[in-house]
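Enquirer: After the structure tokens below, expect a handful of questions from me.
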Amino acid sequence: MNAASSSITKCNIYNQSRFTSSPRPRLGSSTISYRNNLNSKITHSAIRTRSVLRFPDQSPIQSPSSSHSRPSPPNQSLFQKIAAMAFDAVENSLTTLEKKKKLPKTLDPNVQISGNFSPVPEQPVTHFLPVTGKIPKHIQGVYLRNGANPLFKPTSGHHLFDGDSMIHAVKFEDGLASYTCKFTETNRLTQERAIGKPVFPKTIGELHGQFGIAKLILFYARGLCGLVDVSRGMGVANAGLVYFNNRLLAMSEDDLPYHVRVTRSGDLETVGRYDFDEQLKATMIAHPKLDPVSGELFTLSYDIVKKPYLKYFRFSPDGKKSDDVEIDLKTPTMVHDFAITENFVVIPDQQVVFKLSEMVTGGTPMVCDEQKVSRFGVLNKYDSDGSDIKWIDVPDCFCFHFWNAWEEKESDEVIVIGSCMTPADSIFNESNEELKSVLSEIRLNLRTGKSSRRGILLPGNEVNLEAGMVNKNLLGRKSKYAYLAIAEPWPKVSGFAKVDLFTGETSKFIYGESKYGGEPFFLPSSDSEEDGHILAFVHDETRWESEMQIVNAKTLKLEAIVNLPTRVPYGFHGTFVTADDLATQV
């Protein structure tokens, strides 16, 4: 494994080269080998070309459980029709001018959504999927994973995070499995589908430089003429998923969540934008924290234009929202994730900030402020205002995600586990510096106001670890193990690592030659911390076929492979809804 990992790190970040075929994994072994005859009945994806950006037919699938159909074009007055033509002409001129400029790799759609990052069409429910091995008995319910899947081919800059939400779902019942994937029917997606083209600005891919300013003006001009409706949100809902208060919620930090229902057949239906019965008035980040003991949901909302730039709030188990707690930040800051402990919330104020003025001089509004010192705020979960938050500096630290946090009362410290990424803005802005994501332990001493930070992995065993989780039953409490994606060759994931957070000892599971996946999801099976299974979508870039691998979390032995009827693109974050919870959905 060490030799393989060493060779992986030398791969080019954007390498799309073909790999040689390899046999399929031997079940019951973490040494990967494959038999060639497993997928003889699997439908091949229509998209096989890696080097050319292609978009599939995204016509909605009509099925008995389908909750939507292609909307009719909006009725327009003569004035609106003339205005629409004028705006389209302006937009075409902008696009023509913009195409004369070379896009950085972070905004180039031929890089960002090439290969298995490229989109797929919706798929109806397929039952009785071929299974090699045996699905563990405790896996009863549905695994769902969110991701960015643009409905339309980009006309200019596009970042991976800009795509529309598509949820991929595998439902398990008594050893059998079914699969479907459906768009989350956001306000943005339904309007663009009706219009027949992308009109909402892409937050990262398009909003940079003078062209970005022009596109914003153009978009709001369309809104003033009634050609688009911005009152019901502009978000993509493509990042996170959480099951809370009998609802599955799809989220991105640019909007309210969207309520999605899982049908009895395993299909997906978008119920609508969810404001917690008119309690939620602002956006909500994609990584809320569900306390496994209290059943409460803790979350944040940030604003890039006006103060307060950050707010913290919580929901009781039955969905009652607390008052907003304003967090005093000097500048609008990207707060993608945070952490909770038994008694505290831990809020990062890091170096990636929003500077809209950068667009005037041709730059991007999301930048790394090198002069800013990162800090972490520790606030009691139940404080009604932010006046007692304790800020502790953690220099040169940027964590995109946090895996867990807990309190050590003997030393009066809060321990935070996260992956520290350098360069801090490398996901958003092109850099010549090699990206590193270091699994780290950050200690915040509440008595002295000082911090310390150390890399957890043992020397000589370091790999980029980004995306994953601890046992959800220990969230906010002391945990020994984390299961994290091996993000190499970046941005693809070659396997996952099981890490002892105290000793740094690491065991790796590699998906297989030419096989890559995404976030490993740990599904517990008992009260013991490491009893359970890892679920992961995996794609074979040689065969151009996808599967779900089910791995014993204690032994790292592959126990089952579910062959999927279509390609599953690399995506973001997922969750599991148990059969009991499915029965109580609203």
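The values are calculated or read from the model by the stated rules, or taken from the named source; none is laboratory data. These numbers were taken from a predicted model, which means no experiment stands behind them. Here Cβ is always computed from backbone atoms with ideal geometry, including for glycine, and neighbour counts include all displayed protein chains. Side chains are part of the model used for accessible areas, which takes the heavy atoms of the whole protein and leaves out ligands, DNA and RNA. Shrake-Rupley method; radii C 1.70, N 1.55, O 1.52, S 1.80 Å.
Enquirer: Open to solvent by less than 10 Å² (accessible area, probe 1.4 Å), modelled with pLDDT of 95 or more and farther than 24 Å from residue 514 by Cβ, is that true of residue 142?
Expert: Values: open to solvent by less than 10 Å² (accessible area, probe 1.4 Å): yes; modelled with pLDDT of 95 or more: yes; farther than 24 Å from residue 514 by Cβ: yes.
So residue 142 fits the description; yes.
Enquirer: Sticking with this structure for a sec: Taking segment 439-484 on its own, how many of its residues are touching a Pro at 6+ places or on another chain (Cβ under 6 Å) and open to solvent by less than 20 Å² (accessible area, probe 1.4 Å)?
Expert: Residues flagged as touching a Pro at 6+ places or on another chain (Cβ under 6 Å) and open to solvent by less than 20 Å² (accessible area, probe 1.4 Å) within segment 439-484 amount to 3.
Enquirer: Return the residues of segment 514-539 that are open to solvent by less than 10 Å² (accessible area, probe 1.4 Å), in a strand (DSSP E or B) and over 17 Å from residue 480 (Cα atoms); say none if nothing qualifies.
Expert: Result: 515, 517, 535, 536, 538, 539.
Enquirer: Go through (1) in contact with a Phe, Trp or Tyr (Cβ under 9 Å, 6 or more places away or on another chain); (2) modelled with pLDDT of 95 or more and name the single condition residue 227 misses.
Expert: (2)
Enquirer: Does residue 583 qualify as being surrounded by fewer than 24 Cβ atoms within 10 Å (Cβ to Cβ), among the aliphatic types (A, V, I, L, M), more than 21 Å from residue 477 (Cβ to Cβ) and free of Cβ contacts under 8 Å to residues at least 24 places away in the same chain? If you could, list the steps in order and put the result at the bottom.
Expert: Numbers: surrounded by fewer than 24 Cβ atoms within 10 Å (Cβ to Cβ): yes; among the aliphatic types (A, V, I, L, M): yes; more than 21 Å from residue 477 (Cβ to Cβ): yes; free of Cβ contacts under 8 Å to residues at least 24 places away in the same chain: yes.
Yes, satisfied.
Enquirer: Looking only at segment 94-112, count every residue that is closer than 12 Å to residue 215 by Cβ and open to solvent by 50 Å² or more (accessible area, probe 1.4 Å) and tell me the total. Reasoning before the result, please.
Expert: Filtering segment 94-112 down to residues closer than 12 Å to residue 215 by Cβ leaves 94-95, 97-98.
The next check asks that each one be open to solvent by 50 Å² or more (accessible area, probe 1.4 Å); those that pass are 97.
Residues that pass the stated criteria total 1.
Enquirer: Which of the residues that make up segment 96-142 are under 23 Å from residue 163 (Cα atoms) and of a type in the set (Lys, Arg)?
Expert: If the condition is that a residue be under 23 Å from residue 163 (Cα atoms) and of a type in the set (Lys, Arg), then 99, 101, 102, 105 are the ones that fit.
Enquirer: Answer yes or no: is there a residue in segment 231-249 that is free of Cβ contacts under 8 Å to residues at least 40 places away in the same chain and farther than 30 Å from residue 477 by Cα. If you could, list the steps in order and put the result at the bottom.
Expert: Of the residues in segment 231-249, the ones free of Cβ contacts under 8 Å to residues at least 40 places away in the same chain are 231, 249.
Still in the running and farther than 30 Å from residue 477 by Cα: 231.
So far as segment 231-249 goes, yes, one or more of its residues are free of Cβ contacts under 8 Å to residues at least 40 places away in the same chain and farther than 30 Å from residue 477 by Cα.
Enquirer: When only residues in segment 491-545 that are out of contact with any strand residue (DSSP E or B) (no Cβ under 7 Å at 6 or more places or on another chain), acidic (Asp, Glu) and free of Cβ contacts under 8 Å to residues at least 60 places away in the same chain count, which is nearest to residue 471 (Cα to Cα)?
Expert: For segment 491-545, the residue satisfying everything is 527.
Enquirer: Still on this structure, I have one more. Restricting to segment 414-438, name every residue that is within 23 Å of residue 291 (Cα to Cα), buried (at least 21 other Cβ atoms within 10 Å of the Cβ) and over 17 Å from the mean Cα position of the chain (by Cα). Walk me through how you get there before you give the answer.
Expert: Applying the first criterion (within 23 Å of residue 291 (Cα to Cα)) to segment 414-438 yields 414-419.
Pick out the ones that are also buried (at least 21 other Cβ atoms within 10 Å of the Cβ) and you get 414, 416-419.
414, 416, 417 - these are the residues of segment 414-438 that are within 23 Å of residue 291 (Cα to Cα), buried (at least 21 other Cβ atoms within 10 Å of the Cβ) and over 17 Å from the mean Cα position of the chain (by Cα).
Enquirer: Residue under question is residue 177, and the condition is that it be open to solvent by less than 10 Å² (accessible area, probe 1.4 Å), more than 24 Å from residue 286 (Cβ to Cβ) and out of contact with any Asp or Glu (no Cβ under 9 Å at 6 or more places or on another chain); does it hold? Show your work before the answer.
Expert: On the way: open to solvent by less than 10 Å² (accessible area, probe 1.4 Å): yes; more than 24 Å from residue 286 (Cβ to Cβ): yes; out of contact with any Asp or Glu (no Cβ under 9 Å at 6 or more places or on another chain): yes.
Answer is yes for this residue.
Enquirer: If you go through segment 186-226 one residue at a time, how many are of a type in the set (A, V, I, L, M), open to solvent by less than 20 Å² (accessible area, probe 1.4 Å) and part of a loop (DSSP other than H, G, I, E, B)?
Expert: Of the residues in segment 186-226, 1 are of a type in the set (A, V, I, L, M), open to solvent by less than 20 Å² (accessible area, probe 1.4 Å) and part of a loop (DSSP other than H, G, I, E, B).
Enquirer: Out of all the residues in segment 149-160, which are within 18 Å of the chain's Cα centre (by Cα), at pLDDT 90 or above and open to solvent by 10 Å² or more (accessible area, probe 1.4 Å)? Don't jump to the end; show me each part of the working.
Expert: Start the filter on segment 149-160 by keeping residues that are within 18 Å of the chain's Cα centre (by Cα), which leaves 149-151, 158-160.
Now drop any that are not at pLDDT 90 or above, which leaves 149-151.
Passing the criteria: only 151.
Enquirer: For residue 404, work out the one condition from (1) modelled with pLDDT of 95 or more; (2) open to solvent by 70 Å² or more (accessible area, probe 1.4 Å) it doesn't fulfil.
Expert: (2) is the only condition that residue 404 fails.
Enquirer: Now a separate question. Counting only residues that are outside any loop (DSSP other than H, G, I, E, B) and open to solvent by 10 Å² or more (accessible area, probe 1.4 Å), which one in segment 360-377 is modelled with the highest pLDDT? Reasoning before the result, please.
Expert: Applying the first criterion (outside any loop (DSSP other than H, G, I, E, B)) to segment 360-377 yields 360-361, 366-368, 375-377.
Checking the rest, the ones that are also open to solvent by 10 Å² or more (accessible area, probe 1.4 Å) come to 360-361, 366-368, 375.
Values: 360: 71, 361: 72, 366: 79, 367: 80, 368: 84, 375: 95.
For segment 360-377, the residue satisfying everything is 375.
Enquirer: So which residues in segment 488-500 are in contact with a Leu (Cβ under 7 Å, 6 or more places away or on another chain) and either open to solvent by less than 10 Å² (accessible area, probe 1.4 Å) or not in a loop (DSSP other than H, G, I, E, B) (or both), if there are any at all? Let's see the steps before the verdict.
Expert: First, the residues of segment 488-500 that are in contact with a Leu (Cβ under 7 Å, 6 or more places away or on another chain): 490, 496-499.
Result: 496, 497, 498, 499.
Enquirer: Next question. Between residues in segment 122-133 that are at positive phi and residues that are not in a strand (DSSP E or B), which pairs lie under 7 Å by C-beta distance while being six or more apart or on different chains?
Expert: Between residues of segment 122-133 that are at positive phi and residues that are not in a strand (DSSP E or B), the close pairs are 133/27.
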